[in-house]
1. Name the residues whose placed amide hydrogens come within less than 5 Å of the amide hydrogen of Leu128, ignoring near sequence neighbours (fewer than 5 apart) on the same chain.
2. Just to be sure I understand the model, the point goes 7 Å from the Cα along the line to the Cβ. What's the resulting Lys198 to Val28 distance in nm?
3. With a 10 Å radius around each residue's Cβ, average the other Cβ atoms per peptide and rank 177-184, 99-106, 80-87, 33-40, highest first.
4. At 25 °C and 0.890 mPa s, grab the translational diffusion coefficient of the stretch 146-214 from Stokes-Einstein with a Kirkwood Rh over Cα pairs, rounded to a whole number in µm² per second.
5. Each residue of the stretch 19-24 in order: what ³J(HN,Hα) in whole Hz does its phi give by Karplus 6.51 cos²θ - 1.76 cosθ + 1.60, θ = phi - 60°, with x for Gly and Pro?
6. For the stretch 7-139, divide the Cα radius of gyration by the Kirkwood radius and give the resulting Rg/Rh value with two decimals.
7. Counting helices only, and only those DSSP H runs with n ≥ 4, report the 222 nm mean residue ellipticity of the chain as the sum of -39,500 (n - 2.57) divided by its residues, in deg cm²/dmol to the nearest 500.
8. In whole Hz, with x marking every Gly and Pro, tabulate ³J(HN,Hα) for the stretch 45-57 from phi via Karplus 6.51 cos²θ - 1.76 cosθ + 1.60, θ = phi - 60°.
Amino acid sequence: MSETPPMRVLLVDDQDLVRAGFRMILSVEPDIEVVGEAADGQAAVELAEKLRPDVVLMDVQMPGLDGIAATQRIVAADAGKVIILTTFDRDDYLFESLGAGASGFLLKNTAPEDLVEAIQVVHSGHALLAPEVTRRVIKRFTGGGERVYRPDLVAALTDREREVLGLIARGLTNTEIATSLFVGEATVKTHVSRVLLKLGLRDRVQAVVFAYECGLVVPGDEHTS
């Protein structure tokens, strides 16, 4: 058995039942350990600074300090990577969360296996967006102004890496990409890492923007579950 320590997760939500549900989902994962729970943003910041979790699952609407403000403080203190989990599919929550430094943005109707994968992806240093919000991120970051990414960089990718980039841009998870390409998830992770390295991108969010700016995919191609 692997001696790799489990990913340490902090749950933050003002509803006891929601936290209990997430804890139940994560409790069966051998590589994930829930190390604490908080019912509001202030408690989340204090616990994150004390426990130093790898990943924080953060609600937005909570009494007192909200999830976005709490995210900003946790990220600034380098006290954990944050995934926003909200019921509300709102643009202001999405872009304020990304601006606060969140590494992921998911809706609470996310499938359990996708939640687990999101934790793994964010823990590995990448970012992850729910497929439902991908189009709005593209519209915000490619809706005019100077282009940041050079299309000629695509030439540095192999055919398979270009294919993987296109699937990332459509909002597919690593599991879904593996199924689509008939390869293992470890192979997909390797391809994703090479794509980011070759293109000089920080995370999957930037990869999505790059793919749209370079015309590898067009609006309307997004994956829907």
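No lab work stands behind these numbers, since they all come straight from the coordinates. Keep in mind that what you see is a predicted model, and the values were worked out from it rather than measured. Methodologically, a virtual Cβ is constructed for each residue, glycine included, from the backbone with ideal geometry; neighbour enumeration extends over all protein chains shown.
1. For Leu128, the qualifying residues are Gly104, Phe105.
2. It works out to 3.8 nm between the two label points.
3. Put in order of decreasing packing, that is 80-87, 99-106, 33-40, 177-184.
4. Here the translational diffusion coefficient equals 206 µm²/s.
5. So the J values, rounded to whole Hz, are 4, 5, x, 5, 4, 5.
6. Using Cα coordinates only, the ratio equals 0.92.
7. Result for the chain, helices only: -15000 deg cm²/dmol.
8. For the stretch 45-57, the Karplus curve yields 4, 5, 5, 4, 5, 7, 8, 6, x, 6, 9, 10, 8 Hz.
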